[in-house]
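K.L.:
Following this message is one structure expressed as structure tokens.
The values are calculated or read from the model by the stated rules, or taken from the named source; none is laboratory data. For clarity, every value in this text was computed on a predicted model and none was experimentally measured. Cβ sites come from the backbone with ideal geometry, for glycine too, and all protein chains shown count toward neighbours.
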Amino acid sequence: MPRPPRALRLAPLAPLVLALLCAVPGAQAQNNAVAPTPAQVAPEVDKAYTQLMAAPAIQKLLEAVKADHDRAVEDLKMLTEIEAPPFKEQKRAEAFLARMKALGLADAKIDAEGNVVGLRKGTGNGPKLLISAHLDTVFPAGTDVKVKEHDGKLHAPGIADDTRGLSVLLSWLKVLNDNKVQTVGDLLFVANVGEEELGNLRGMKAIFRDHLDIDGMVGLEPSPDGNVLILGTASHRYEVTFKGPGGHSFGAFGQVPSAIHGMGRAIAKIAEVRTPSFPKTTFTVGTVGGGTSVNTIAPDARMAIDIRSDDMASLLETEKKILAAIDEAVVEENKRWNVGTLSASNKLIGDRPGGRTPSDSVMVEAAIRSNTTFGHKTLLRGGSTDANVPMSYGIPAIIIGSGGKSTGFHALSESIDVTDAWKGAQNSLVTVLGLVGVQGVSPALLPKRPARTR
């Protein structure tokens with residue numbers, strides 16, 4: 001069981017924390033400087049969590065989470081062994097949907113984008129909170145996803161990121177229904193597609209396109225105890241293609257430009273682009289290719305560029321410089337041979353909006369207060385996750401852990417130690433319950449927002 005509620009005030013952390021988001025949510029590992037953890041939470045937040053933890057019904061519910069641990073681990077194994085590469089999540093979605101329906105969400109469905117969506121209604125007039133985990137993994141079709149047990153851990157690609165989150169959502173649904181706990185606000189259970197790689201957050205974008213009355217989001221990802229993601233790093237990804245006439249390396253020399261040489265000029269210019277250290281803004285040419293043979297002046301070349309920033313304006317300024325560098329390189333390569341036959345085109349292949357949930361918002365203070373109840377100091381961090389989408393709309397969103405100790409994200413050696421993982425599931429569930437409120441126990445802390453328009 002969790003430790004009893006502590007005093008009103010939380011110990012302040014360092015003024016500014018530099019958090020490492022190790023491949024946690026969806027392969028977007030990076031360092032991010034984020035706001036300091038508030039030194040205290042609002043009195044109404046503290047009161048609500050004091051009421052929650054003092055209620056016998058909630059203590060019984062948390063015991064049920066612990067008792068459901070072994071069954072939840074079986075769900076974890078079952079789902080992990082259904083491969084779910086980006087854009088091929090359907091089989092796992094169908095299995096998750098079947099479990100949701102068996103656990104009491106009879107109206108759950110798979111939407112047009114491939115997300116599994118089920119609504120557990122509250123008493124009425126409360127907020128609607130989205131609770132989610134993503135279906136997809138980074139591993140291609142054909143990867144061996146059989147779960148193996150040794151060294152006290154479960155080993156399989158994708159078992160932590162984010163299949164553990166999926167199994168916890170199912171456990172929450174079971175214990176809430178078995179114990180007949182009625183929340184004040186609605187809980188929108190979602191297992192979404194498209195979080196990884198070039199999935200481009202398509203699943204979460206569809207959720208917020210189709211559900212205009214969502215008041216907040218709590219996402220589950222593998223994350224150390226006490227970590228709360230509040231910043232969404234924005235990113236743009238480009239595929240750039242260079243085209244020229246090509247020709248024999250000897251016979252056509254001096255008559256035609258090389259697509260690869262033009263791309264090389266562009267890469268050299270991009271490498272000289274300066275970006276601010278704060279807000280952190282980065283770029284890289286991640287992949288290159290092209291040409292037909294060693295003795296051919298290349299008729300084509302291509303490269304992929306990743307640009308990220310904790311601030312959208314900084315991202316757009318860096319993007320402008322990079323695209324200008326490409327244009328300049330084409331002009332220089334054509335001028336080198338006194339021709340105009342080399343060209344370059346670009347295609348946006350990745351667009352993740354950014355945003356931030358204020359550290360003094362009810363959403364964040366709820367997570368902090370729940371962490372305190374379970375004996376954890378809070379570390380506020382940032383990264384690129386499904387929470388980027390609601391943050392970009394100004395809707396409060398956080399990513400928190402689902403329990404267990406995970407290693408090797410996005411590697412074939414990925415593993416999770418589920419010893420006492422139920423403690424993390426309890427902690428996150430208490431965060432959620434404080435936000436939506438529990439009938440007869442505590443009010444909903446998450447404020448309702450005006451419904452958005454399309």
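K.L.:
Under 9 Å between Cβ atoms, at least 6 apart or on separate chains: pull out the pairs that start in region 269-292 with a residue that is not assigned by TED's automatic domain parsing to the domain that holds K320 and charged (D, E, K, R) and end on any residue that is modelled with pLDDT under 95 and part of a strand (DSSP E or B).
P.N.:
Pairs found: none.
K.L.:
OK, next. Considering only residues that are hydroxyl-bearing (S, T, Y) and surrounded by fewer than 22 Cβ atoms within 10 Å (Cβ to Cβ), which ones fall in region 239-274?
P.N.:
The answer is T241, S249.
K.L.:
Still on this structure: Test of understanding: among G375, G394, which residue is assigned by TED's automatic domain parsing to the domain that holds A191 and either free of Cβ contacts under 8 Å to residues at least 40 places away in the same chain or farther than 22 Å from D46 by Cβ (or both)?
P.N.:
Being assigned by TED's automatic domain parsing to the domain that holds A191 and either free of Cβ contacts under 8 Å to residues at least 40 places away in the same chain or farther than 22 Å from D46 by Cβ (or both) holds for just one of G375, G394, which is G394.
K.L.:
Find the residue count for region 287-310, including only residues that are surrounded by fewer than 18 Cβ atoms within 10 Å (Cβ to Cβ) and more than 28 Å from V256 (Cβ to Cβ).
P.N.:
Residues in region 287-310 being surrounded by fewer than 18 Cβ atoms within 10 Å (Cβ to Cβ) and more than 28 Å from V256 (Cβ to Cβ): 1 in total.
K.L.:
Would a scan of region 414-431 turn up a residue that is touching a residue at least 24 places away in the same chain (Cβ under 8 Å), basic (K, R) and closer than 18 Å to G165 by Cβ?
P.N.:
Yes, some residue in region 414-431 is touching a residue at least 24 places away in the same chain (Cβ under 8 Å), basic (K, R) and closer than 18 Å to G165 by Cβ.
K.L.:
Name every residue in region 383-399 that is out of contact with any Lys or Arg (no Cβ under 8 Å at 6 or more places or on another chain) and buried (at least 24 other Cβ atoms within 10 Å of the Cβ), in order of residue number.
P.N.:
The answer is G383, T385, D386, A387, P390, P396, A397, I398, I399.
K.L.:
Still on this structure, I have one more. Does H236 satisfy the condition of being in contact with a helix residue (DSSP H, G or I) (Cβ under 8 Å, 6 or more places away or on another chain) and either more than 17 Å from A387 (Cβ to Cβ) or acidic (D, E) (or both)?
P.N.:
For H236, the condition - in contact with a helix residue (DSSP H, G or I) (Cβ under 8 Å, 6 or more places away or on another chain) and either more than 17 Å from A387 (Cβ to Cβ) or acidic (D, E) (or both) - is met.
K.L.:
Further question on the same structure: Since T318 meets every condition but one in (1) surrounded by fewer than 17 Cβ atoms within 10 Å (Cβ to Cβ); (2) at pLDDT 95 or above, which condition does it not meet?
P.N.:
The number of the failed condition is (1).
K.L.:
Is it true that G216 is farther than 30 Å from I305 by Cβ and of a type in the set (G, A, S)?
P.N.:
yes
K.L.:
Among the listed residues F96, F87, which satisfies the condition of being in a helix (DSSP H, G or I) and either modelled with pLDDT of 95 or more or among the aliphatic types (A, V, I, L, M) (or both)?
P.N.:
The match here is F96.
K.L.:
If you don't mind, there's one more thing I want to ask. Of K128, K77, K148, which residue is on the phi < 0 side of the Ramachandran plot and exposed (fewer than 15 other Cβ atoms within 10 Å of the Cβ)?
P.N.:
From the options K128, K77, K148, the qualifying one is K148.
K.L.:
Which one is surrounded by the most Cβ atoms within 10 Å (Cβ to Cβ), of the residues in region 400-419 that are β-branched (V, I, T) and more than 18 Å from the chain's Cα centre (by Cα)?
P.N.:
Among them, the one singled out is I416.
K.L.:
Within region 420-441, take every residue that is of a type outside the set (A, V, I, L, M) and in contact with a Gly (Cβ under 7 Å, 6 or more places away or on another chain) and give me the one that is surrounded by the fewest Cβ atoms within 10 Å (Cβ to Cβ).
P.N.:
Per the criteria, the residue is K423.
K.L.:
Out of G244, G203, G216, I need the residue that is within 12 Å of T385 (Cα to Cα), touching a residue at least 60 places away in the same chain (Cβ under 8 Å) and out of contact with any Cys (no Cβ under 6 Å at 6 or more places or on another chain). Which one?
P.N.:
So the residue among G244, G203, G216 that is within 12 Å of T385 (Cα to Cα), touching a residue at least 60 places away in the same chain (Cβ under 8 Å) and out of contact with any Cys (no Cβ under 6 Å at 6 or more places or on another chain) is G203.
K.L.:
Output the residue which, of all residues in region 330-359 that are in a helix (DSSP H, G or I) and not polar (S, T, N, Q), is surrounded by the fewest Cβ atoms within 10 Å (Cβ to Cβ).
P.N.:
K335
K.L.:
For the list (1) in contact (Cβ under 8 Å) with a residue 40 or more places away in the chain; (2) outside any helix (DSSP H, G or I), I need the number of the one condition that S171 fails.
P.N.:
Only one criterion in (1) in contact (Cβ under 8 Å) with a residue 40 or more places away in the chain; (2) outside any helix (DSSP H, G or I) is unmet by S171, namely (2).
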